[in-house]
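The values are calculated or read from the model by the stated rules, or taken from the named source; none is laboratory data. It should be emphasised that the depicted structure is a prediction, and the values quoted were computed from it without experimental measurement. Note: ideal-geometry Cβ built from the backbone for every residue, glycine included; neighbour counts use all protein chains shown. The accessibility values were calculated without ligands, DNA or RNA, using every heavy atom of the protein model including side chains. Shrake-Rupley method; radii C 1.70, N 1.55, O 1.52, S 1.80 Å.
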Amino acid sequence: MENKFKFLTKYSLLKKIKNKWFIIANIVVMLIIMCLVNIDSIVNFFGGDFNDDLKIKVIDNAGYYDEIKDSLSLTENYFGNAKVIVSKEDKKLEKAKKSIKDTNDILLVINSDSKNVFNVEFITDSYVDKVKYQVIASSLNSVKENIALKKAGIDTNVLSKISIPVEIKRSFLDEEKTKDEEDSKSILSVASLIIVLPCFMLIVFLVQMIGAEINEEKSTRGMEIIIGNVSAKTHFFSKILSSNLFVLIQGALLLLYGGIGLLIRKLVSNSNTSLISKATSSLNFGEIFKIIQNAGVLNKLGYVIPLIIILFILSFLAYSLLAGILASMTTNMENYQQLQTPLMVISVIGYYLILISSAFPGALFIKVISTIPLISISLAPSLILSGDISVGILIIAIILLFLLDFVLIRYGLKVYKVGILNYSENDLWKKMFKAVKEK
Amino acid sequence: MLKVSNVTKYYGDVKAVDDLSFEVEKGEIFGLLGVNGAGKTTTFRMIMNLISPSSGTILFNGKKIDYNVTDKIGFLTEERSLLTKLTVKEQMLFYGALKSLDEKTVLKRLDELLKRFEIEEYKERKISTLSKGNQQKVQFISAIINEPKLLILDEPFSGLDPLNIELFKNVILELKEKGTSIIFSSHRMDHVELFCEKLAILVKGKTVLKGYLKDIKEDYKIKKIIIEGDVKKTDLKKINGVINVIKTALGYEVNIKDKTYVENVFEYIKTCKKINKFVLQEPSLEEIFVAKVGEAYGK
């Protein structure tokens, strides 16, 4: 029987992996992930208006051209590969307007203003995007502030002090708490959200796959031959194991595709100086790791991560057990689709609660929900890493999941034994309850 | 040897099989007959240990049937039990492994059986692309790939043309010669009559007739006389012991209460001017079946 279990598990796993659609889907997914990770490079490769140099012409009627030019030149970082070219316009206003006709150039007319140092007329031929407008406006405001402060007789030293951001010293009543730990919670909370989304997708995948496979065997009556030669228990657990192994392989492949995408990104990053790449380059993993290390969170992760892994394994097991039991009760794929909908809705609840949990820090309701099996897989990891729940609550979630798995194996298997050989929907629930009661 | 003893099966309040007992010896073919819903498939499922009897025992070679024994049993279900997305070869490797056979043995036997059933060219073809008859052949091969000691055939001739029925018959008789015990169900009484030494007729789960075919025919009192000649139907009907008279293409078929009444009919025949044929016949299994099932339904 042990050999038959191995055979059925291997057969089921290989059937999925050798399937041409699995290979095709993975090639497509790999390309999509690699493209998404390098989307900025792709956008840059095909080019567009965003790559055009930004030409700003200034008619200076107030005498601040040099200050404005210096300030606007510093905005180059915000415009990707585009250069900011600032030039003084000596032509009359009407001629200057004609000169920017049918172009994307910007004409700034600086006029003296006794109350506000200077005012600016921002002239273009076409609409300007909001980011570009805001960046230029901020730059002009900065120039105005500096000029106003200088006019007020504030010397250079004082002026530089004003422009330096205020120094804030963060301290805690509890001496064991640190700023790095505080920062690390936010980082880990975001990280857990990124991890939970693929997990959610894999759960959907798992539930669908088990249902389809069991229904296929059942609908052809091949199930009678199979159960005539191996026990329902062997058949059930071979399906659970092979499906979970498959999901594990698929998850590892997704990580691999992401890794390949990042590697490609690293290789092309030297030539890539776009706004997105600059923004993403701020995600300095070394720096993040340093914060987490300084916070002493690594020690905590040392026992939290194994607990989260246990939570994941038990949750995947619970979802697959439930999927198998529900599939055995149905007589075709359409009915299974209906029956598995509540299961999918439950898994979505957890993900939704993660999104709103930041708006309700410390909410008792969310803490309680985070221990409920099937929801805990999404919610508990995020909350423990952000410090919203304690390790004790995580352990309660694991214990409840363990109990659910135990109940599903003990009683669900009885339902499965009856369900897979049942082809009629008459008195379905009566038959299932009767199966549960049988010794 | 298969021994089914006092087996009863309830589905809720419904008694699907009622106190069924029979034995199938080595190299014997046993026919389990009955109309739809008589309890044949339920009996087969109990033998295969797919469902448990509510009471009674089923033993194969003196042991309760479990997963240690099922490797030696072949089962052909009435409905298709093939995984149609697989090729014939993949299907056999899958079912063969479930019977604890290694790949080499399965492929060797498969080649032999495909040749025997004249479908060698379909080995690598997907089952879904095969005709109904060829699918039935593949299903039959899957049931005997393990060279079973006990073979359960639930409507094996379903979907087959006369030529293929002949092919199946020969293979089944070969298996019998090799010592395989075979349980057989069919709606076709001529097939059962050809194969089965022993049989049982089920009606609503209850056994209404059971035993050796020869004894059943002998014990069945109503006999049939075939007459061809110059006789009058009205005269035949008046004879003591005659149940009914049926006009056939060439003459008459006279059913009598039992063989002691043959003389009464013969006395009448002697008075007739011209008689070409006068034969006393055993009733066919179909006639016995119809009579017994009809009795059980009160018809």
**Prompt:** How large, in percent, is the carbon and sulfur part of the accessible surface of the range A:49-163 at a probe radius of 1.4 Å?
**Reply:** 47
**Item:** Shielding by partners - mean other protein chain Cβ count within 10 Å, residues of B:49-56
**Value:** 2
**Complete:** In order over the range A:214-228: 3J(HN,Hα) from phi, Karplus 6.51/-1.76/1.60, θ = phi - 60°, whole Hz, x for each Gly or Pro, gives 5, 5, 4, 5, 6, 5, 9, 6, x, 4, 5, 5, 5, 6, x
**Complete:** Ordering A:S386, A:S186 by the accessible surface of their heavy atoms, 1.4 Å probe, largest first, yields A:S186, A:S386
**Fill in**
A:I164 and A:V368 label points (each 7 Å along its Cα→Cβ direction) are spaced in nm at 5.2
**Proximal aspartates and glutamates relative to A:K91, as straight alpha-carbon distance under 14 Å, when same-chain residues fewer than 8 apart are discounted** = A:D60
**Item:** Over 18 Å [Cα-Cα, the range A:49-163], rounded percent
**Value:** 52
**Item:** Along principal axes, Cα extents of the protein assembly as shown, largest first, whole Å
**Value:** 153, 64, 48
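Once the Cβ-Cβ distance between A:T156 and A:D90 is put in as r, and R0 is 25 Å, what FRET efficiency do you end up with, to the nearest 0.05?
Once the sixth-power term is evaluated, E becomes 0.20.
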**Message:** Given the DSSP H assignment, sum -39500 (n - 2.57) over each helix run of at least 4 residues in chain B and divide by its residue total; what's the result at 222 nm in deg cm²/dmol, nearest 500?
**Reply:** -10000 deg cm²/dmol
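Hull surface divided by four, with the convex hull built on the Cα atoms of the range A:142-279: how many nm²? Kindly include the intermediate steps, with their values, before the conclusion.
Numbers: hull surface 73.5 nm².
Mean projected area of the Cα convex hull: 18.4 nm².
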**Item:** When each of B:K3/B:K217; A:K83/A:K290; B:K176/B:K259; A:K233/B:K40 is checked by Cα-Cα distance, pairs over 31 Å
**Value:** A:K83/A:K290; B:K176/B:K259
**Prompt:** Just the Cα atoms of chain A: what Rg and Dmax do they give in Å?
**Reply:** 31.2, 99
**Request:** Find how many whole Å separate the alpha carbon centroid of the range B:49-87 from the alpha carbon centroid of the range A:100-145.
**Result:** 86
**Message:** Can you find, among A:L321, A:T156, A:S376, the residue sitting farthest towards the positive end of the charge dipole of chain A, where Lys and Arg contribute +1 and Asp and Glu -1 at Cβ?
**Reply:** A:L321
**Message:** Please compute, for peptide B:94-100, the average count of beta-carbon atoms on other protein chains lying within 10 Å of each residue's beta-carbon.
**Reply:** 6
**Message:** Suppose the chain between A:C35 and A:W21 were pulled fully straight at 0.36 nm per residue; how much longer would it get relative to their current alpha carbon spacing?
**Reply:** 3.0 nm
**Complete:** In nm, the gap between the two label points placed 7 Å beyond Cα toward Cβ at B:E78 and B:D66 is 3.1
**Request:** Determine which lysines satisfy two conditions relative to A:K115: a Cα distance under 24 Å, and not lying fewer than 8 residues away in the same chain.
**Result:** A:K69, A:K144, A:K150, A:K151
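About the Cα centre, and with charges only on the beta carbon of Lys, Arg (+1) and Asp, Glu (-1), how big is the dipole of the range A:1-42? Nearest 20 debye, please.
Details: 7 positive and 2 negative charges, 93 e Å.
About 440 debye.
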**Fill in**
Taking the convex hull of the alpha-carbon atoms of the range A:74-230 and averaging its shadow over every direction gives an area in square nanometres of 23.2
**Request:** Provide, for the range A:339-439, the number of lysine pairs with alpha carbons under 28 Å apart, each pair being eight or more places apart or on different chains.
**Result:** 12
**MRE, 222 nm, helices only [DSSP H, n ≥ 4, -39500 (n - 2.57), over chain A, to nearest 500]** = -22500 deg cm²/dmol
**Item:** Stretchable slack from A:I305 to A:K266, in nm (0.36 nm times residue separation minus alpha-carbon distance)
**Value:** 11.2 nm
**Percent carbon-and-sulfur accessible area, chain B, ignoring ligands, DNA and RNA, probe 1.4 Å** = 49
**Fill in**
The simple spin-label model distance between A:Y133 and B:E90, using points 7 Å out along Cα→Cβ, in nm, is 6.1
**Request:** Shielding by partners for B:68-79, please: the mean number of other protein chain Cβ atoms within 10 Å of each residue's Cβ.
**Result:** 2
**Förster-model FRET efficiency, 22 Å R0, B:Q281 and B:N244, C-beta, rounded to 0.05** = 0.90
**Message:** Compute the helix-to-body angle for A:232-268: its Cα long axis versus the longest principal axis of chain A, expressed 0 to 90° and rounded to tens.
**Reply:** 20
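Which FRET efficiency value, to the nearest 0.05, do you get for A:L355 and A:S114 by plugging their Cβ-Cβ distance into 1/(1 + (r/R0)^6) with R0 = 56 Å?
Taking R0 as 56 Å, the efficiency between A:L355 and A:S114 is 0.65.
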**Per residue value of the accessible surface for the range A:49-163 (all protein chains in place, 1.4 Å probe), Å²** = 64
**Request:** Enumerate the calculated ³J(HN,Hα) couplings along the range B:36-41 in order (Karplus 6.51 cos²θ - 1.76 cosθ + 1.60, θ = phi - 60°), each rounded to whole Hz, writing x wherever the residue is Gly or Pro.
**Result:** 4, x, 6, x, 5, 5
**Fill in**
Rounded to the nearest 5, the percent of antiparallel DSSP beta bridges in the protein assembly as shown equals 60
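Listed here are the pairs A:K185/A:K300; A:K239/B:K149; B:K72/B:K178; B:K232/B:K274; A:K57/A:K92; which of them are more than 21 Å apart at the Cα?
Details: A:K185/A:K300 12 Å; A:K239/B:K149 30 Å; B:K72/B:K178 14 Å; B:K232/B:K274 12 Å; A:K57/A:K92 12 Å.
In this structure, A:K239/B:K149 exceed 21 Å between Cα atoms.
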**Complete:** Given a 1.4 Å probe, the accessible area of chain B per residue, as a whole number of Å², is 48
**Complete:** In debye to the nearest 20, the charge dipole size for the range B:2-217, taken about the Cα centre with +1 at each Lys and Arg Cβ and -1 at each Asp and Glu Cβ, equals 320
**Heavy-atom accessible surface that A and B bury in contact, both chains counted, 1.4 Å, Å² to 100** = 2000
**Request:** Keeping all protein chains in position, work out how much accessible area B:L202 exposes to a 1.4 Å probe, and write it in Å² to the nearest 10.
**Result:** 0
**Fill in**
Cα-based Rg then Dmax for the range B:2-217, in Å, read 17.0, 50
**Prompt:** Residues with amide H under 5 Å of A:L54's amide H, sequence separation 5 or more or different chain, H placed in the peptide plane at 1.01 Å from N; which?
**Reply:** A:K83, A:V84, A:I85
**Message:** On a 1.4 Å probe surface of the protein chains, which of B:Y95, B:Y261, A:Y127 comes out largest in accessible area, and what is the full order?
**Reply:** A:Y127, B:Y261, B:Y95
